[in-house]
Amino acid sequence: MKPGWGGAGSIAALLALWVAASSVYVLPQGRIDLLLRFGAPVRVDRTAGLKFKMPFSDSVEIYDARLQTLAPPPQELILGDEKRLAVETFTTYRIVDPLRFYQTVMTNGQAQFQLDQLVSTSLRMVLGTVPLKALLSAQRRAVIARVAAAVAAKAAALGIAVHEVRLHRADLPLAASRSVYARMRSSRQREAKELRAQGAEWQQEIEAKADRERTQILAQAKQTSQIIRGQADAQANRILSQAYDRDPTFYRYYRALLTYRHALAASRATLVLSPDSAVLRALKRGPAAAAR
């Protein structure tokens, strides 16, 4: 063997190995490839396994054929009734046409950017014609279906099939939430004032009714007591009259004692009377004098 042939053989072997490695590639499961020859599309392969290509002239673009998710940040929209709403969407899609995908967007990042724009435009177009109450009722599903249909029709031109578009969240903006809260608070305060005023009115009616019933009850009780007192006085007078008729002397003596009790009890320690006063007759001469 001539000197230098071993080195040339090694270089040739390495070159052959590199060419062989450049002519094969592996397509994983759930992926789809697009074979390009000098930039021109040659084939689309969806079957996983070992694949072959021409070295130097062929290049391969491999895309994910599985279901993918797009969840952009919330965006603020104006509805058909001029209400503002912060909407957060959730979109699932799949790459179905790698050739068109390569010709339009090329990369998955650019595809998500374009799809985000499509979803935003469709949302503004559809939600701009419906009121807020439509999103809070059973019409919400039909409205979102219109958005999904509009996005799917436009995304087909990018080689993307949109499976669904959903509203992940739909909230009022912070300023609108504060305004709604302020209106709700003022409404509840107004209702509370109305209820308090109504309660005060009912209180006055109940108190007036109670006072009227109290006055009527007291008047009726006073009338009844006067009747009973009159009947009792009449009965007492009748009993006294009967007692007087039975023993006039004792009755006069008893009246004299009552006179002493009331007169002396109401007087002071000293009571000045004349010696011949009729009041002192019973004290001086006894019951017989008082009876006379």
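The values are calculated or read from the model by the stated rules, or taken from the named source; none is laboratory data. Fair warning: this is a prediction, and the values are worked out from it, not measured in the lab. No Cβ is skipped: glycine too gets one built from the backbone with ideal geometry, and neighbour counts run over all protein chains shown.
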Report summary line: In segment 149-158, anything in contact (Cβ under 8 Å) with a residue 24 or more places away in the chain and either of a type in the set (Ser, Thr, Tyr) or surrounded by 13 or more Cβ atoms within 10 Å (Cβ to Cβ) (or both) is listed as ALA150, VAL151, LYS154, ALA155, LEU158
Query raised in the report: If ARG46 satisfies every condition in (1) loosely packed, with under 14 Cβ neighbours inside 10 Å; (2) in contact with a helix residue (DSSP H, G or I) (Cβ under 6 Å, 6 or more places away or on another chain) but one, which is the exception?
Result: (2)
Report task. Tell me, please, whether a residue that is closer than 20 Å to ASP33 by Cβ and modelled with pLDDT under 90 can be found in segment 108-119. Result -> yes
Report task. Could you tell me which residue of segment 73-105 is farthest from the chain's Cα centre (by Cα), considering only residues that are in contact (Cβ under 8 Å) with a residue 40 or more places away in the chain and part of a loop (DSSP other than H, G, I, E, B)? Result -> ASP97
Requested in this report: Could you tell me which numbered condition SER23 fails, if it satisfies all but one of (1) modelled with pLDDT under 80; (2) loosely packed, with under 10 Cβ neighbours inside 10 Å?
Outcome: (2)
Query raised in the report: Can you name the residue in segment 82-108 that is in contact with a Leu (Cβ under 6 Å, 6 or more places away or on another chain) and of a type in the set (D, E, K, R) and is also farthest from LEU136 (Cα to Cα) among such residues?
Result: ARG94
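Filter segment 106-120 down to the residues that are in a helix (DSSP H, G or I) and free of Cβ contacts under 8 Å to residues at least 12 places away in the same chain, then identify the one that is surrounded by the fewest Cβ atoms within 10 Å (Cβ to Cβ).
So the first thing to find is which residues in segment 106-120 are in a helix (DSSP H, G or I), and the list is 108-120.
Keeping just the survivors that are free of Cβ contacts under 8 Å to residues at least 12 places away in the same chain gives 109-110, 113, 117.
Numbers: GLY109: 9, GLN110: 13, PHE113: 14, GLN117: 12.
The selected residue is GLY109.
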Query raised in the report: From the list ALA138, ALA161, which residue is at negative phi and either in contact with a Ser or Thr (Cβ under 9 Å, 6 or more places away or on another chain) or free of Cβ contacts under 8 Å to residues at least 40 places away in the same chain (or both)?
Result: ALA138
Query raised in the report: Does ALA138 fit the bill of being closer than 30 Å to PRO98 by Cα and either of a type in the set (Val, Ile, Thr) or in the same structural domain as ARG94 (by TED's automatic domain parsing) (or both)?
Result: no
Report summary line: Within segment 25-44, the residues that are over 23 Å from GLN68 (Cα atoms) and either in a strand (DSSP E or B) or in contact with a Gly (Cβ under 7 Å, 6 or more places away or on another chain) (or both) are TYR25, LEU36, ARG37, ALA40, PRO41, VAL42, ARG43
Requested in this report: Kindly indicate whether any position in segment 70-92 is over 19 Å from VAL147 (Cα atoms) and modelled with pLDDT of 85 or more.
Outcome: no
